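The values are calculated or read from the model by the stated rules, or taken from the named source; none is laboratory data. Since we're looking at a predicted model, the values are computed, not measured. Glycine gets a Cβ as well: all are built from the backbone with ideal geometry, and neighbour counts include every protein chain shown.
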Amino acid sequence: MSDTKMSEVNMTNKPEARARIPIIDCDVHPLISDINVLAPYFTQEWRDFFFGSIKQQSENGFVYARARDRYPHPNTTYQLDALPPAGGPAGSDPAFTIEKLIEPYGITTALLLPQEHYGVVRFANSKAAAAFENANNEYLIDHWLGHDKRYALAITVSDHDPHQAAQDIRRLGDKPGVVGVQVLINKNMLGSSVFDPIYAAACDMDLAIVSHQNGGEGCYSYAQAPAGGAPRFYGERHAVLPQIGAANVLDMVMSGTFERFPKLRVVMVEWGFSWLASLLPRMDYLWEKNRSATPFVKRRPSEYVVEHFKFATQPLDEAARASEFQAMFGIPDLDKMLLFSSDYPHYDTDNPDVILAKIPDSMKEAVYWRNAHDAFGPRIFRQ
Amino acid sequence: MTNPIIDCCRFAGVARFEELFPYMEGGWKYHFNRYEWTGAVDLASNHIRVSDRFRHPPVAPYDPASAPEGLSIVLAHQGLAVNGWADTVGAGVFLDALNAYALDQWVGPHSKIALVVSPHEPTLAAEQVRRHGANPGVVAVSLPLTGTLMGSRVWDPLYQACTDLNLPVIIHFSGVEGSYLGAAPLSGASHANPLSRHILMPHLAESNIASLSFEGTFYRFPDLQVLFAGFGFRWLPSLVRRMDQEWRNFRSDMPWVKEKPSVKVLSNVWASSYPVGEATNPAQWMGEFSDALLDRIVFSSNAPFDEDGPAQVKEVLGDDWFNRLVTNGEHFMRLGATAEA
């Protein structure tokens, strides 16, 4: 896929002022404007289940998996200027996201990673999880992918019922604009064979797996957590959250996931990437000393990572010195793994102009679009 | 190489737990004298517990006279594993006996011990430090890691005792983290194999440095020095950048953290060279480290297990780097301990 020529990419809608390089933003969050918009996507039985009142006041219970009475955000989780003038939460108006993000920065494709789904990790009922995931996926296909061809979507599934999830991937996976499968991390590490039906369906449908922190990490009894114990508050927790992404990368390699699914591509979003500098040599060095610990790993672990994983830029580390910045981008083979993300409309959105300007020239094409194209295939460009 | 070597973390253990019985008071030796426990010495001797293999080699006796000129800081690795014990009271008794044995057997002109203290009872840990901390054979304190992060105020009595006696804290994993209930968990969930756990151990250092930083521990104990030994060190720049960014974003939420966290990392936190094999090709990654951050890395051999000798460190990092590690080790001891380096 990486041999697609730039000239083959339709560049309409790109501002003239910007260099003629496509930009794929791999982390844009669409929200639903109101939970009631999902009503048509449920059966009556599930409408009763989800919309029936138990006389508790809660207006926004699904938006995050993070328990807000456990790790309350110090401010707001979104940029104030991302609130649509017509009302609704930040990120809930596809036209306004075009106006605020896509047009001004010349984004060619915005990969939509829905976040209401993240609340599903708290669900105990696998049927309810599937019903909610499907309703939200179908709504986004209709109202966001249908709104503009600059949107692409990773439909979202969880491990509540992997066989059901696989069915849903096969049912929705060939809809125009669907390019990936966002898999929610819950109690199982991504290398677990529990996920095999999901990975098999994704490979069959030629869809990349996407992993994004869901907010439930470190919150619930059976959720994954950072090492060492419970951080005390939001900023501390956020500082160590990338560990969970790193642990799942390692788990997929050590569990032989890519020996079972040689075509599988995985995009790690908002987990950071600079920790690869220490993780990759460590996994190789210790594996060389203890190869028989895992019969599933046939070659150096870092080779699986380079071949199968991509990592999104946001939040980009702020280096204090030029030498630090150069070394950060000097991780071997990073040019094959790094792709751009803004995390719009969240509070820590990385401004595309600022971040893209920082990318070293030798990596610009790879980070702007080529690595995303490698992961998601030509369908990432819908026009 | 002109200066004597300071090895900031090597290990020693007992070959048979029965050797500890003379150091137990009252009827405790009868409590421990059962095959279920004494027979588990091989488990505890698998010092990083990262193998599922059926057999582990016995611990070779440690002779303090074998310590090279300079200073070797000896950790009783079997003591670290109490972080996975369910009997939190028995753990304190075991550590008392093990520390007494270590002071008897492992101290020499160039060999001093790190006292291993109970992670289950912070007041007992402080008491253990005050009881032995003035002994010239004790140059550091080692705290096994439980699920309570190091920045928690429950550890304040321990840190008060350490700073009163001018002893640095040395943290090393026991190997049961992420495996035994009660020991510190590792990142993620259940791991694919022991090798995975071993690879992920540096996250424990990261989380505890974040906890110490964001809880303001070093403002309460400005003289406290904490060395994370055996975790490597290449993860430091990424962690420090991330912590500083979180502080910049949310500093109003943590008014007790008065400066960006990296400031206290550079004055109160240390890391060690082992395993140096993951730090090859320094020209490629060295730029990530500021000079000040490089000054926080000391030499540790990890002997007698998978051992980095000075020759191996020099081969990977070069002579100048090795000399710098030794100089850093001198600073570490001067800042935090009473021993004559």
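So in the stretch A:336-366, with the set limited to residues that are within 14 Å of another protein chain (Cβ to nearest Cβ) and acidic (Asp, Glu), which one is surrounded by the fewest Cβ atoms within 10 Å (Cβ to Cβ)? Across the stretch A:336-366, the extreme among qualifying residues is A:ASP348.
Of the residues making up the stretch B:230-251, those that are facing another protein chain (nearest Cβ under 7 Å) and basic (Lys, Arg) are B:ARG234, B:ARG241, B:ARG242.
Could you say whether any residue in the stretch A:314-331 is away from chain B (no Cβ under 14 Å) and within 17 Å of A:CYS26 (Cβ to Cβ)? Can you show your working first?
So the first thing to find is which residues in the stretch A:314-331 are away from chain B (no Cβ under 14 Å), and the list is none.
Looking for residues that are away from chain B (no Cβ under 14 Å) and within 17 Å of A:CYS26 (Cβ to Cβ), one finds none in the stretch A:314-331, hence no.
Looking at A:ASP333, is it in contact (Cβ under 8 Å) with a residue 40 or more places away in the chain and at positive phi? No, not satisfied. Exactly one residue out of A:ALA375, A:ALA320, A:ALA327 is in a helix (DSSP H, G or I) and either at pLDDT below 95 or surrounded by 23 or more Cβ atoms within 10 Å (Cβ to Cβ) (or both): that is A:ALA375. For the stretch B:99-123, filtering for residues that are surrounded by fewer than 22 Cβ atoms within 10 Å (Cβ to Cβ) and aliphatic (A, V, I, L, M) leaves 3. Scanning the stretch B:223-265 for residues that are in contact with a Ser or Thr (Cβ under 8 Å, 6 or more places away or on another chain) and surrounded by fewer than 20 Cβ atoms within 10 Å (Cβ to Cβ) yields a single hit, B:ASP223.
If you filter the stretch A:123-141 down to residues that are buried (at least 20 other Cβ atoms within 10 Å of the Cβ) and not aliphatic (A, V, I, L, M), you find that the one that is farthest from A:GLY180 (Cα to Cα) is A:PHE132.
Yes or no, residue by residue, for (1) touching a strand residue (DSSP E or B) at 6+ places or on another chain (Cβ under 8 Å); (2) part of a helix (DSSP H, G or I):
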residue: A:ALA128; (1), (2): no, yes
residue: A:ALA152; (1), (2): yes, no
residue: A:HIS160; (1), (2): no, no
residue: A:ARG170; (1), (2): no, yes
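Among the candidates A:PHE296, A:PHE311, A:PHE273, single out the residue that is within 13 Å of another protein chain (Cβ to nearest Cβ), in a loop (DSSP other than H, G, I, E, B) and surrounded by 20 or more Cβ atoms within 10 Å (Cβ to Cβ). Write out each step before concluding.
Values: A:PHE296 fails: surrounded by 20 or more Cβ atoms within 10 Å (Cβ to Cβ); A:PHE311 fails: in a loop (DSSP other than H, G, I, E, B).
Every option except A:PHE273 fails the conditions.
In the stretch A:79-101, the residues that are free of Cβ contacts under 8 Å to residues at least 12 places away in the same chain reach residues that are crowded, with 21+ Cβ neighbours inside 10 Å and part of a loop (DSSP other than H, G, I, E, B) with C-beta atoms within less than 6 angstrom, at least six apart or across chains, in these pairs: A:LEU83/A:ALA90.
In the stretch B:152-177, the qualifying residues are those that are closer than 18 Å to B:ALA229 by Cα and in a loop (DSSP other than H, G, I, E, B), and the one that is nearest to the other protein chains (Cβ to nearest Cβ) is B:GLU177. Residues of the stretch B:222-250 that are part of a helix (DSSP H, G or I) and among the aliphatic types (A, V, I, L, M): B:LEU236, B:LEU239, B:VAL240, B:MET243. Of the helices (runs of 4 or more DSSP H) lying entirely inside the stretch B:252-341, the ones with 2 or more residues being within 11 Å of another protein chain (Cβ to nearest Cβ) and either modelled with pLDDT of 95 or more or closer than 19 Å to B:HIS172 by Cα (or both) are found at B:261-268, B:282-285, B:291-294.
Here A:GLU365 clears all of (1) farther than 30 Å from A:HIS73 by Cβ; (2) free of Cβ contacts under 8 Å to residues at least 40 places away in the same chain except the condition numbered (2). If I filter the stretch A:146-197 down to residues being more than 14 Å from every other protein chain (Cβ to nearest Cβ) and among the polar types (S, T, N, Q), which single residue comes out as surrounded by the most Cβ atoms within 10 Å (Cβ to Cβ)? That would be A:THR156.
The conditions are (1) crowded, with 23+ Cβ neighbours inside 10 Å; (2) more than 25 Å from A:GLU217 (Cα to Cα); (3) not hydroxyl-bearing (Ser, Thr, Tyr), and B:TRP285 fails exactly one of them. Which is it? All conditions pass for B:TRP285, except number (1).
For the stretch A:193-202, the condition of being of a type in the set (Gly, Ala, Ser), touching a Lys or Arg at 6+ places or on another chain (Cβ under 7 Å) and on the phi < 0 side of the Ramachandran plot holds for at least one residue. Residues in the stretch B:2-38 that are assigned to a loop (DSSP other than H, G, I, E, B), more than 26 Å from the chain's Cα centre (by Cα) and either touching a residue at least 60 places away in the same chain (Cβ under 8 Å) or at negative phi (or both): B:THR2, B:GLU25, B:GLY27, B:ASN33, B:ARG34. Within the stretch A:296-324, the residues that satisfy the criterion of being more than 27 Å from A:GLY377 (Cα to Cα) and touching a residue at least 12 places away in the same chain (Cβ under 8 Å) are A:PHE296, A:ASP317.
The residues in the stretch A:219-237 that are buried (at least 24 other Cβ atoms within 10 Å of the Cβ) and over 29 Å from A:TYR285 (Cβ atoms) can be counted, and the count is 2. Within the stretch B:179-202, the residues that satisfy the criterion of being more than 19 Å from B:SER142 (Cβ to Cβ), in contact (Cβ under 8 Å) with a residue 12 or more places away in the chain and not in a helix (DSSP H, G or I) are B:SER179, B:LEU181, B:PRO185, B:LEU186, B:SER187, B:GLY188, B:HIS191, B:ASN193.
Quick check on my filter: what residues within the stretch B:181-201 are farther than 20 Å from A:THR294 by Cα and at the interface with chain A (Cβ under 7 Å from one of its Cβ atoms)? Hits for the stretch B:181-201 are B:ALA184, B:PRO185.
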